[in-house]
Ligand SMILES: [Zn+2]
Ligand SMILES: [Zn+2]
């Protein structure tokens, strides 16, 4: 592990390795239908600002999921790695991609109104609906 909170991360097979510096050790879970399709569950992500540095982009797949965002994955094993807001170059990295996950805490759940009824986290969190998320961060655009 490097200094200043930078953590190493990888996909399941190791074909994609990258480093990222979380802004804080807080995890947000996104329950939106796109994240659930993409990750096979809620997307547990850490805000890493613009700090992501991929070592070997040859195996990094990029799916443009909306006008403003893309979802990056391993072309070999399919691991979902990070969601990126294109214009602002902000990365939300899967907490599960990090080699070391000590100190992280689940603090927020977003798109709580899209969460299916068959699971629920017991953690005490701040919960936001999709409408609240867009009002707070996106100026009212549709999700993606
Ligand atoms: Zn892989
Ligand atoms: Zn989502």
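The alpha-carbon atoms of the chain define a convex hull whose volume equals 111 cubic angstrom per residue. A rounded overall shape is assigned to the range 36-110, the ratio a/c of its alpha-carbon gyration tensor axes (a ≥ b ≥ c) being less than 1.5.
Sequence-distant contacts, meaning Cα pairs under 8 Å at least 6 residues apart, place the relative contact order of the chain at 24 percent. What FRET efficiency comes out for the pair residue 87/residue 23, r = Cβ-Cβ distance, R0 = 22 Å, nearest 0.05? Using R0 = 22 Å, I get an efficiency of 0.75. Pairs of Cα atoms nearer than 8 Å and 6+ residues apart set the relative contact order; for the range 2-75 it is 28 percent.
A straight chain from residue 68 to residue 122 at 0.36 nm per residue would run longer than the Cα-Cα distance by 16.2 nm. Cα gyration tensor of the range 1-59, axes a ≥ b ≥ c as square roots of the eigenvalues: rounded (a/c below 1.5), prolate (a/b > b/c) or oblate? Oblate, since a/c reaches 1.5 and b/c is not below a/b.
Just checking the listed ones, 97, 15, 124: in the Gaussian network model of the chain with Cα springs under 10 Å, the one fluctuating most is 124.
Values in this text are rule-based calculations from the coordinates and carry no lab data. Fair warning: this is a prediction, and the values are worked out from it, not measured in the lab. Quick reminder, even Gly has a Cβ in these numbers, built from the backbone with ideal geometry, and neighbours come from all protein chains shown.
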